[in-house]
1. For the range B:236-246, does any single residue satisfy the condition of being within 16 Å of the chain's Cα centre (by Cα) and assigned to a helix (DSSP H, G or I)?
2. Which of the residues belonging to the range A:115-161 are within 13 Å of chain B (Cβ to nearest Cβ), surrounded by fewer than 16 Cβ atoms within 10 Å (Cβ to Cβ) and hydroxyl-bearing (Ser, Thr, Tyr)?
3. Can you tell me which residues in the range B:302-331 are exposed (fewer than 12 other Cβ atoms within 10 Å of the Cβ), part of a helix (DSSP H, G or I) and under 22 Å from the mean Cα position of the chain (by Cα)?
4. Hey, can you tell me all the residues within the range A:49-71 that are surrounded by fewer than 23 Cβ atoms within 10 Å (Cβ to Cβ) and at the interface with another protein chain (Cβ under 8 Å from one of its Cβ atoms)?
5. Suppose we filter B:Ser178, B:Ser229 for residues that are among the hydroxyl-bearing types (Ser, Thr, Tyr), crowded, with 23+ Cβ neighbours inside 10 Å and in contact (Cβ under 8 Å) with a residue 60 or more places away in the chain; which single one remains?
6. Is there a residue in the range B:2-11 that is under 21 Å from B:Val221 (Cβ atoms) and either without any contact (Cβ under 8 Å) to a residue 60 or more places away in the chain or of a type outside the set (Val, Ile, Thr) (or both)?
7. For A:Gly164, indicate whether it is in contact with an Asp or Glu (Cβ under 9 Å, 6 or more places away or on another chain), away from every other protein chain (no Cβ under 14 Å) and at positive phi.
8. Hey, does the range A:186-193 have a residue that's closer than 19 Å to A:Gln83 by Cα, hydrophobic (A, V, I, L, M, F, W, C) and touching a Cys at 6+ places or on another chain (Cβ under 6 Å)?
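No lab work stands behind these numbers, since they all come straight from the coordinates. Computed from a predicted structure; not experimentally measured. Cβ atoms come from the backbone with ideal geometry, glycine included; neighbour counts cover every protein chain shown.
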Amino acid sequence: MLEVRNISKSFRGLRAVQDVSFAVPEGAIVGLIGPNGAGKTTCFNMIAGTFAADAGSIVFQGRPIHRLRPDQVCAAGIGRTFQIVKPFAGLSVLDNVIVGALLREGSVAAARVYSLSILQKLNLDAKAHLPASSLTLPDRKRLEVARALATRPKLLLLDEVMAGLRPTECDQIVAVFRELNRAEGLTVLLIEHVMRAVMALAGRIVVLHHGEVIAHGTPEEVVRDKAVLECYLGEETEV
Amino acid sequence: MIARLLEGVPRRGLAMLAALLVLLLVFPLFASGYLLAIGFLILYFAFVGQAWNIMMGFAGQLSLGHSLYVGLGAYAAAALYVHFGLSPWIGLLASIGTCALAGAVIGFLAFRFGVAGVYFAILTIAFAEFARIGFDHFAWVRGSSGLFLPVANYTENDLWNLRGSPRMFYYLMLALASGAFVLCHALLRSRMGYYWLAIRESPEAAQALGVNIFRYKMVAVVLSAAMTSLAGVVFAFYYNNLFPEQIFHISRSIELILGPIIGGIGTLVGPLVGALLLTGLAEGMGELLLALGVDVPGVKQVFYGICLLLVVMFLPHGVWPPLARKLGLER
């Protein structure tokens, strides 16, 4: 579904991402992991159209998307969340989601109905009419997901949505993504540090280090990989 | 259509609006010439404040050069009237066109090249200043010596040529202010309104949700400019004289944004409340001091400044949001 081919990106001489390639098959959940500064979010931003790649190409459903603006990428069917959450603070939780839903819904009324159903899925419906600025961080992360889902993406890019969540909250949201993946065939690419979530969700994992792919495979393969153990998980990690 | 507009509006708010409208409609029957002039000014500032609010309050784009659109709108209609005898109702098409174009140029330059925040504000000032200096040397509209519209004592109101009594202008401004209020109300509930607020709160997040932020910011600027131009047309035919040094002056731009700021940026009622307070305060202060026999030059301005300071310090979101809560209009 998504094919990233040899993309690179430098910031003033600092090579953030170099020659990275990976693929996300339709219906899969793929994890993108790696130490801080490995280039994960930069990869995301290139896929989402926030940054233009210096080299390489990104193909989504057979169509090159690396020259599109973020709104065009979203319209093509890729939803994203931000690692540093960006709620529309002055708007209500429901209105936040309506903005996303308006992409595919013909009217505000229809967008409102659809948004409420999404808030329900993410257990935010009780807070629908509160201002987004009043939410706690875990709720803000959920709101990021709700907004992205409201655009009815075929591929969802999740940037550390589990970070800062308690284990039970984490399991809850993992269950939501599992269900979406199973019932609606939603494809997911996630950046995550919480290994508990990655292992529970991802069928395949890509490991980045210093802007390069150092390993990829099933979770079991990756955690046994020597290079990964050395640079990221640490020798003694038990999963 | 009307049912849709009224949907979700609190009953109480509607009743208050209706009462206010009736009050404003009958006001000229009792008001003296002086009060009528103040009433006109309040409605004028309510209208331009509403127009500015679309750009800043809704879409989050700070314009400090709205005098450009007042001036261009005023000059376009006035010049066509003076030179060709064209009715301002035809002239206003030229005003709207000119201002929409000016807004589009500024918007394009800014949004295409990523000029944002204070830099955008400076760009809007720059264009207003270009116009001020340019019109000083624009012979067709008499340059710095000013453009005058023919004045006579009108016994009858000629609405087609906008020649008539202050009362006619008052009602014209009331119609404009009411129209702007309803338009903004409808816009806020539309797709456009949602997108504007999203852009104001976080352009990156809005874009990630599929919003073409360039397009929607452009619409906000062009619409705001076009609306402001109408105020310019009325201004020209009400005051009958136009000087570039006055109409394009930055103090005019500041003056017209104070209303929505004091009233509440981004709120529907804020521009109206702000205009009422500011104009009422300024004029009332003058009268009060006169009655008290205080005749110190500048004392009115000092009081005015102190009042603004207090509002900004204690009501940072403007007067309307807390007032709305008091009146039980918050949902």
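1. Here is the first cut: in the range B:236-246, the ones within 16 Å of the chain's Cα centre (by Cα) are B:236, B:238.
Adding the requirement that they be assigned to a helix (DSSP H, G or I) leaves B:236, B:238.
Checked against the condition, which is being within 16 Å of the chain's Cα centre (by Cα) and assigned to a helix (DSSP H, G or I), the range B:236-246 yields at least one hit.
2. Listed by number, the list holds a single entry, A:Ser133.
3. Step one: list which residues in the range B:302-331 are exposed (fewer than 12 other Cβ atoms within 10 Å of the Cβ), which gives B:302, B:305-306, B:309-310, B:313-314, B:316, B:325-326, B:328, B:330-331.
Then drop every residue that is not part of a helix (DSSP H, G or I), which leaves B:302, B:305-306, B:309-310, B:313-314, B:325-326.
The answer is B:Gly305, B:Leu309.
4. Selection gives A:Thr50, A:Arg69, A:Asp71.
5. On the way: B:Ser178 fails: crowded, with 23+ Cβ neighbours inside 10 Å.
Of B:Ser178, B:Ser229, the one residue that is among the hydroxyl-bearing types (Ser, Thr, Tyr), crowded, with 23+ Cβ neighbours inside 10 Å and in contact (Cβ under 8 Å) with a residue 60 or more places away in the chain is B:Ser229.
6. Step one: of the range B:2-11, the residues under 21 Å from B:Val221 (Cβ atoms) are none.
Scanning the range B:2-11, I find no residue that is under 21 Å from B:Val221 (Cβ atoms) and either without any contact (Cβ under 8 Å) to a residue 60 or more places away in the chain or of a type outside the set (Val, Ile, Thr) (or both), so the answer is no.
7. Working: in contact with an Asp or Glu (Cβ under 9 Å, 6 or more places away or on another chain): no; away from every other protein chain (no Cβ under 14 Å): yes; at positive phi: yes.
Judged against the criteria, A:Gly164 is not a match.
8. no
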